[in-house]
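Below: the structure, in structure tokens.
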């Protein structure tokens with residue numbers, strides 16, 4: 001091998017060693033930097049603007065509690081309206097909806113939905129299936145509107 005070939009080989013070896021060391025260091029440092037806990041952002045109902053004085057956290061907490069209470073009240077009123085308009089059994093309907101929010105899904109099959117339906121003849125011209133479909137649609141819209149709030 002010529003002198004030029006040996007120098008070229010040494011250059012390649014040195015460059016490879018430098019790259020391996022740099023990659024190892026960057027990998028270790030990069031791992032440390034990416035494993036930091038995420039920043040926690042505070043979301044408020046009151047809009048922007050600093051305020052920052054004493055009591056601002058309490059005011060924001062009060063505002064959030066007031067908003068949550070308002071949403072819960074509106075949710076209850078809307079459910080009572082659906083129960084009244086569709087002539088559902090109140091206690092069973094309340095329990096059915098509470099279970100749906102607890103489970104994270106509105107169960108439209110099985111006997112649970114049948115327990116909340118108003119008494120309609122299964123054999124005559126009561127049009128039970130249409131009534132059931134209408135009730136399921138209204139409860140599904142209600143569930144989608146308020147789930148996760």
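Numbers for the structure displayed
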quantity: Residue that is farthest from residue 147 (Cα to Cα) [pool: residues in region 86-113 that are out of contact with any helix residue (DSSP H, G or I) (no Cβ under 8 Å at 6 or more places or on another chain) and either surrounded by 12 or more Cβ atoms within 10 Å (Cβ to Cβ) or touching a residue at least 24 places away in the same chain (Cβ under 8 Å) (or both)]; calculated: 87
quantity: In region 116-149, the residues that are more than 27 Å from the chain's Cα centre (by Cα), surrounded by 14 or more Cβ atoms within 10 Å (Cβ to Cβ) and assigned to a helix (DSSP H, G or I); calculated: 116, 128, 131, 132
quantity: Of residues in region 38-90 being farther than 30 Å from residue 140 by Cα and assigned to a helix (DSSP H, G or I), the one modelled with the highest pLDDT; calculated: 62
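The values are calculated or read from the model by the stated rules, or taken from the named source; none is laboratory data. The structure displayed is predicted, hence computed values, not measured ones. Every residue, glycine as well, gets a Cβ built from its backbone with ideal geometry; the counts of neighbours run over all protein chains shown.
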